[in-house]
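Notes follow the structure.
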Amino acid sequence: MTLKGLGGYTRTDREKKLIIERLTKRPDFQYKMHAKYQLMDAPAADFDLEEPVLKDEVNELICDYDVTPLTKFCPECGRKYPEGENFCLDCAEKLREIKSVDISSIDLNPTFDFTANNQYNNFSDILTAENLEKLTVENFDVNKIVLNIKRTAFKRLDAAVKDNGIYLDSLSIVEKIMLFTKAFVDVEYKSYGAELGYYRFNRIYVDDRQLDALQITTMLHELAHFLIKEIITHVLCTIWECSKTTEIESVATFILSYSPVTALVDEYAAHTVEGRFTLYGFQDYSSFLNIEKSVELEKSEIEMLKTIGNTFANIIKKILESFIDAEMLSEIKDQFRRDILDQPDYRNLIHENCTLLNRKGMVEAIRLLLVEGFVVSMDNAEKLESYNEMW
């Protein structure tokens, strides 16, 4: 299978394509700038319209009533109660106080195990012609792998909320996103460097000096990198019928980073995921564009690499949207409007790819990346050893 051969497995993401066309190709496109940077000419499904004045009038009426503070909540259903209550009326659960929780200090110890018959603890057993042959012929179910990763993370998130007495509605949007991200991968604040953040060996580093809106998109961008690595790791474990070890993770990491070609797929996917939770006009493709400059391929081949990245992003976005619902997405947008003073620039949207691979096409695309990357890794055992020391 080649990049050009994947063309028969694609389809157009029509909804995304329509939005991008409306924002970038209409010469008469006009947008009205409000204090909240609302786009009045955009589809209602994708942008919030001005809130009606009636809401303020209703709020004024509500203020006339004496409202008892709700200081407790049910850890089972989330219902809020006043101070004098002790048990939830619906769940018969003991109520907890709504309290301030330092999300940055919570350690969830995220791990995603994969247990099988074989156990590879050295690279000499992994980097074999037999394992290369298996990569070319064995099948795997990407959806099953993603579902298992998602199920494990959500169980961990649920346990963290209950164990730490967290009332989600009391958290800021950046705290909610950090807690969600920690269900998948360790998150730390970094204290130096100009980068907004980065991902290295199952740990995300975020600059807490940055605006909350940028911290949010940075965490989601780097979480996408982690999830792609985790998916590739589980694919290798599935094909080789082996337990997950740091050696397998090192091979997955090498495959995603050894070449500008695979790095381009990885980076484009992360940018696309980030862009899903960013106001239109504030997408950033800088690191992807830097990689693209170093790739000597035909334009059609680069577009196919972007299609692979876009399909990875579509898979990851479905995981994120299971937690980031419409209300939280609105909170993220509001955070952008509070933090970002620049006017939106839609020119970067020309880099958007609106093509997706079907299930069979994505399997073949992943297989192509694995086979080519594994062949190179067989001659780079020393590099793999250096990776293995970093976990």
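The values are calculated or read from the model by the stated rules, or taken from the named source; none is laboratory data. Computed from a predicted model, the values in this text were never measured in an experiment. Because the Cβ atoms are built from the backbone with ideal geometry, glycine has one as well, and the counts that use them run over all protein chains shown.
So here's what we get for this one:
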{"quantity": "Condition check for Ile239: within 21 Å of the chain's Cα centre (by Cα), under 26 Å from Leu305 (Cα atoms) and part of a helix (DSSP H, G or I)", "calculated": "no"}
{"quantity": "Where a residue in the stretch 341-366 is closer than 27 Å to Lys4 by Cβ and its partner, wherever it lies, is basic (Lys, Arg), with Cβ under 6 Å and at least six apart", "calculated": "Asn353/Lys306; Cys354/Lys16; Cys354/Lys17; Leu356/Arg11"}
{"quantity": "Condition met for Ser294 (over 22 Å from Glu385 (Cα atoms), at pLDDT below 95 and assigned to a loop (DSSP other than H, G, I, E, B))", "calculated": "yes"}
{"quantity": "Matching option when the condition is within 27 Å of Ala153 (Cα to Cα), surrounded by fewer than 16 Cβ atoms within 10 Å (Cβ to Cβ) and not charged (D, E, K, R), among Asn310, Asn358", "calculated": "Asn358"}
{"quantity": "Some residue of the stretch 374-389 being charged (D, E, K, R), surrounded by 13 or more Cβ atoms within 10 Å (Cβ to Cβ), in contact (Cβ under 8 Å) with a residue 24 or more places away in the chain and within 30 Å of Met178 (Cα to Cα)", "calculated": "no"}
{"quantity": "Subset tally (residues that are in contact with a Lys or Arg (Cβ under 9 Å, 6 or more places away or on another chain), farther than 18 Å from Thr355 by Cβ and part of a helix (DSSP H, G or I)) for the stretch 270-291", "calculated": "0"}
{"quantity": "Complete set of residues in the stretch 241-300 that are among the acidic types (Asp, Glu) and surrounded by fewer than 18 Cβ atoms within 10 Å (Cβ to Cβ)", "calculated": "Glu241, Asp284, Glu296, Glu298"}
{"quantity": "Residue identified as among the acidic types (Asp, Glu), over 18 Å from Trp391 (Cα atoms) and in a helix (DSSP H, G or I) among Glu249, Glu222, Glu230, Glu267", "calculated": "Glu267"}
{"quantity": "Hits in the stretch 143-165 (condition: over 18 Å from the mean Cα position of the chain (by Cα), closer than 14 Å to Asp107 by Cα and either assigned to a loop (DSSP other than H, G, I, E, B) or among the hydrophobic types (A, V, I, L, M, F, W, C) (or both))", "calculated": "Ala159, Ala160, Val161, Asn164"}
{"quantity": "Qualifying positions in the stretch 327-365 - within 22 Å of the chain's Cα centre (by Cα), of a type in the set (Lys, Arg) and more than 30 Å from Asp208 (Cβ to Cβ)", "calculated": "Arg359"}
{"quantity": "Residue under evaluation Ala116, criteria (1) within 17 Å of the chain's Cα centre (by Cα); (2) exposed (fewer than 14 other Cβ atoms within 10 Å of the Cβ); (3) under 16 Å from Ala252 (Cβ atoms), criterion not met", "calculated": "(1)"}
{"quantity": "First in the stretch 145-157 and exposed (fewer than 15 other Cβ atoms within 10 Å of the Cβ), second anywhere and not small (Gly, Ala, Ser), Cβ under 7 Å, 6 or more apart", "calculated": "none"}
